[in-house]
Amino acid sequence: MAIVMKDIKKQYVGTTKPVMEHFDLTIEDGSFTVLLGPSGCGKTTALRMIAGLEDVTDGRIYIDENDVTDVDPGDRNIAMVFQNYAIYPHMTVRGNIEFGLKNYKIEKEEIKQRVDYVLALTGLSEYSERKPAQLSGGQRQRVALARAISKSPKAFLMDEPLSNLDAKLRTQMRSEMIQLYNRLKCTFIYVTHDQTEAMTMGTDIVVIYKGVIQQHGTPEEVYKSPANLFVAQFIGDPGMNALKLSSGGFVGFKPREAQIGAAEGDGLKIKGKVLTREYMGYDYMITIDIGCGNIVIRNKQHVEVDQELDLFIPQTALYYFDENQNRTETVQTGSVAEVFHVDD
Amino acid sequence: MSTIDKNDMTHFRKLELKQHGPVYRFFNNMLKNPYVLIAPAEIIALGTTIFALGYCIFMSFMKWDMITGERTFVGLYNYKYIFHDELFLTSLKNTIVFMILTVFVGVIFKVLIGVFLNKNKPLHNLVQTIMFTPYIIATVAIAVIFKYMMMPNGGVFNSMLAKLHLPTSEWYMGTKSALMSLAFISIWQGMGYGVLIVISGLRAIPNHVYEAARLDKAGRTKTFFKITVPLLSPTIFYLLVTSSVGAFTTFDIVAMMTDGGPHNATYMLAYYVYMQGLRFMNYGRAMAASVVLLVITSGLSIINFTLAGKKVHYQ
Ligand SMILES: Nc1ncnc2c1ncn2[C@@H]1O[C@H](COP(=O)(O)OP(=O)(O)O)[C@@H](O)[C@H]1O
Ligand SMILES: [Mg+2]
């Protein structure tokens with residue numbers, strides 16, 4: 001089911017600045033689309049407008065070519081999983097799932113079948129009579145998922161559903177979520193500020209910054225060919241290093257592309273001093289002071305703090321951005337003025 | 001460089017204790033006991049209530065002649081007397097009716113108005129504040145005000161009803177309407193407080209639960225009964241307990257407005273106790289009646305806590 005946000009404007013009552021303006025987004029049928037961006041960029045707002053929990057100030061929203069802008073959330077054929085689960089604390093697990101189904105006037109037999117199915121699917125069968133207070137965080141998350149699945153909606157909307165779980169459980173749920181997507185094959189719209197989650201789960205990533213879509217593409221696209229400096233620095237672990245040039249343009253490189261040691265050939269050569277060295281298991285994350293700011297590289301080579309380093313980044317690994325921070329194929333030249341970070 | 005091992009650490013701890021004398025240690029240990037800390041308050045509270053309670057129960061088995069000051073043990077005579085006393089039975093009945101009226105009607109309105117006013121808009125807050133004022137006005141003053149407003153001839157209530165071409169009422173002067181009138185005043189007086197409690201209960205219900213209900217296609221009525229009421233049940237329960245006990249001990253509006261009349265239509269237990277004890281000087285009977293009052297109110301609390309408590313959802 002394709003979901004289209006057309007020329008959306010959203011301004012909260014009592015605020016002076018709109019969260020977004022002329023916001024256009026098409027979410028392909030059956031995609032796992034991740035809305036990714038820093039906190040406060042408007043991801044949740046966008047998702048809630050699709051769900052119908054938030055009014056649009058201007059513009060239209062279409063689901064399957066139907067204009068749903070003025071349709072109640074319950075009639076949009078979507079299900080939502082909230083960050084804080086939003087399960088009903090006074091109902092049992094079964095009651096939580098049944099509540100919506102009853103409202104949709106589904107027959108008793110069918111409700112029972114569906115509930116049993118989703119309980120089995122989410123591994124909650126033995127907890128069906130428990131109250132949410134008697135469940136762990138991960139189990140509550142599953143209840144929220146089960147409730148969403150039981151409605152067999154055309155689209156699942158999820159707002160940072162994993163952010164309240166501990167790291168290990170999050171990794172596990174991430175994989176379960178991917179399996180779920182592969183199984184259900186319906187549209188997922190997933191909001192997160194965590195680029196790792198976005199890269200690992202999404203088929204499509206929509207990078208948003210300050211209410212504006214920066215890039216919409218596959219994980220490979222946003223990683224390998226970022227549309228602008230913001231995307232380049234937001235994606236990756238960590239993001240791209242960027243050097244502002246005297247000409248106004250920028251040159252950038254990914255932390256893993258920097259080679260340690262002097263080298264011959266075309267490319268960027270930098271000298272610097274090691275500030276910190278963090279052991280990451282497979283390699284080190286090294287912060288280097290290059291005189292006009294700090295850069296971060298990832299390298300397997302062991303270096304000492306305060307060590308003077310020669311760095312080399314081959315020409316083919318360099319990215320260029322024009323003075324508007326947009327990606328360009330034109331080689332930018334000039335002397336390095338400073339290390340640059342897109343502020344967020 | 002010296003190392004510190006476990007033994008050294010315990011040694012340090014011992015040293016630290018030794019710095020204090022036995023007196024310090026005695027009080028220090030004693031003050032770690034929570035019961036010691038609440039003891040002063042408990043002693044005063046228990047002293048005043050338990051003593052009064054015991055004295056009251058004791059006196060309910062006595063006949064106390066006010067002229068000679070002589071007390072004689074009469075067993076259950078006082079109880080037998082009051083349970084054969086038409087006036088006592090009437091006041092018992094009136095009290096129960098009054099309680100049912102004020103508690104149920106009161107709680108229903110408190111919840112409904114609370115739900116209606118639960119918006120953080122200036123007008124809603126203003127209304128809420130205005131509603132709260134009766135609660136901080138002395139009941140005596142309220143009773144006087146209503147005595148004038150509810151006056152069948154020339155009172156504001158009847159004048160208004162007449163202007164609107166609605167049937168007027170005898171209010172507290174009519175045998176049939178008197179108890180209702182007092183219940184009305186009592187509900188009105190407690191409304192602001194109740195609404196405040198309900199609103200704070202409502203604010204504790206997270207908004208996302210309501211959003212989930214919207215996505216679950218639950219309408220307004222369904223949301224109210226299946227989400228709001230169950231999640232508000234601890235608050236409702238609290239209101240039930242406090243207002244039912246409050247209703248049973250109602251005294252001041254009766255004394256101020258009706259003196260139990262007309263035709264004993266508003267004679268209630270607390271007023272009966274007062275009349276027997278302080279007007280007719282039948283201390284024994286007054287004490288027996290107040291023991292009955294005590295049994296009923298404790299019974300109510302127990303019923304509330306066990307029966308209603310089971311249906312209450314605590315998060
Ligand atoms: N109910 C609201 N009223 C006013 N401003 C809001 C409200 N909700 C969000 N905002 C503002 O809108 C912006 C976008 O918020 P949000 O969509 O929650 O961002 P994100 O989910 O990307 O972190 C933020 O600046 C936030 O402060
Ligand atoms: Mg958010």
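The values are calculated or read from the model by the stated rules, or taken from the named source; none is laboratory data. On a predicted model such as this, the values are computed, not experimentally measured, just so you know. Every residue, glycine among them, receives a Cβ derived from its backbone with ideal geometry; neighbour counts consider all protein chains shown. These accessible areas exclude ligands, DNA and RNA; they are computed on the full protein's heavy atoms, side chains included. Shrake-Rupley method; radii C 1.70, N 1.55, O 1.52, S 1.80 Å.
Taking the range B:220-241 and a reference point 7 angstrom along Cα→Cβ of residue B:132, the backbone N atoms nearer than 19 Å belong to B:235-236, B:239.
Taking the Cβ of residue A:320 as the center, what net charge do the other residues with Cβ under 15 Å away carry, scoring Lys and Arg +1 and Asp and Glu -1? My count for the surroundings of residue A:320 gives -1.
For the range A:5-75, the mean projected area of the C-alpha convex hull, equal to one quarter of the hull surface, is 5.1 nm². For the range A:69-116, a reduction of at least 20 Å² in accessible area between the chain on its own and the assembled protein chains (probe 1.4 Å) is found at A:73, A:74, A:75, A:82, A:84, A:86, A:88, A:89, A:90, A:99, A:103, A:104. Distance between the 7 Å Cα→Cβ label points at residue B:251 and residue A:169: 5.5 nm. Helix B:106-117 axis versus longest C-alpha principal axis of chain B: approximately 70°, rounded to the nearest ten. Taken as Cα centroids, the range B:169-184 and the range A:52-115 sit 50 Å apart, rounded to the nearest whole angstrom. Sites count as exposed loop sites when they are trypsin sites (Lys or Arg not before Pro), lie in a DSSP loop, and have at most 16 other Cβ atoms within 10 angstrom; the longest stretch of chain B without one is B:177-315. Comparing the full protein assembly with the isolated chain (1.4 Å probe, heavy atoms, ligands and nucleic acids excluded), the residues of the range B:199-215 losing at least 50 square angstrom of accessible area are B:208, B:211, B:214, B:215. Distant-in-sequence amide contacts of residue A:338, defined by a placed amide H-H separation under 5 Å and a gap of 5 or more residues or a different chain, comprise A:244.
Simple point charges give the picture: +1 on the Cβ of Lys and Arg, -1 on the Cβ of Asp and Glu, and for the range B:77-311 a dipole about the Cα centre of about 800 debye.
Projecting the Cα atoms of B:58, A:32, A:87 onto the charge dipole of the protein assembly as shown (Cβ charges, centred on the Cα centre) puts B:58 farthest toward the positive pole.
Of all lysines in the structure, those lying under 22 Å Cα to Cα from residue A:300, and not within fewer than 8 positions of it along the same chain, are A:224, A:254, A:269, A:271, A:273.
If you roll a 1.4 angstrom probe over the protein chains with everything in place, what fraction of the accessible area of the range B:170-315 belongs to carbon and sulfur, to the nearest %? That share works out to 65 percent.
What percentage of the solvent-accessible surface of the range A:51-145, computed with a 1.4 Å probe over protein heavy atoms, is contributed by carbon and sulfur atoms? Of the solvent-accessible surface of the range A:51-145, carbon and sulfur hold 41 percent. Between residue A:331 and residue A:72, what is the label-to-label distance in nm when each label sits 7 Å out along the Cα-to-Cβ direction? The modelled label-to-label distance comes out at 6.5 nm. Split chain A at each of the GluC sites (Glu not before Pro) in a DSSP loop with at most 10 other beta carbon atoms within 10 Å, and the longest piece is A:130-263. At an R0 of 25 angstrom, the distance between the Cβ atoms of residue A:113 and residue B:200 translates into a FRET efficiency of 0.05.
In loop segments of the range A:22-107 as defined by DSSP, the trypsin sites (Lys or Arg not before Pro) with at most 15 further C-beta atoms inside 10 Å of their C-beta are A:105.
Using the alpha carbons alone, the radius of gyration of chain B stands to its Kirkwood radius in an Rg to Rh ratio of 1.14. With every protein chain in place and a 1.4 angstrom probe, the accessible-area ranking of A:240, A:280, B:160, largest first, reads B:160, A:280, A:240. Per residue, the accessible area of the protein assembly as shown comes to 53 Å², computed with a 1.4 Å probe over protein heavy atoms only. For the range A:225-286, the list of chymotrypsin sites (Phe, Trp or Tyr not before Pro) that fall in a loop by DSSP and count at most 11 other C-beta atoms within 10 angstrom reads A:282.
By the rule of a C-alpha distance below 25 Å, with chain neighbours fewer than 8 residues away ignored, the lysines paired with residue B:217 are A:10, A:43, A:102, A:105, A:108, A:112, A:131, A:151, A:154, A:185, B:119, B:226. Straight-distance candidates among the lysines for linking to residue B:176, with alpha-carbon spacing under 20 Å and chain neighbours fewer than 8 residues away dropped: B:93, B:147.
Hey, with R₀ at 30 Å, roughly what FRET efficiency would residue A:105 and residue A:182 work out to, going by the Cβ-Cβ distance, to 0.05? The computed FRET efficiency comes out at 0.45. If one computes P(r) from the Cα atoms of the protein assembly as shown, what percent of pairs lie at distances over 42 Å? Pairs farther apart than 42 Å: 55 percent.
Restricting the range A:198-301 to trypsin sites (Lys or Arg not before Pro) that sit in a DSSP loop and have at most 13 other Cβ atoms within 10 Å of their own Cβ leaves A:300. Distance between the C-alpha centres of the range A:1-51 and the range B:185-208: 37 Å, rounded to the whole angstrom. Rounded to the nearest 100, the interface formed by chains B and A buries 1900 square angstrom of accessible surface, both chains summed, with a 1.4 Å probe. Given R0 = 60 Å, the distance between the Cβ atoms of residue B:53 and residue A:317 translates into a calculated FRET efficiency of 0.10.
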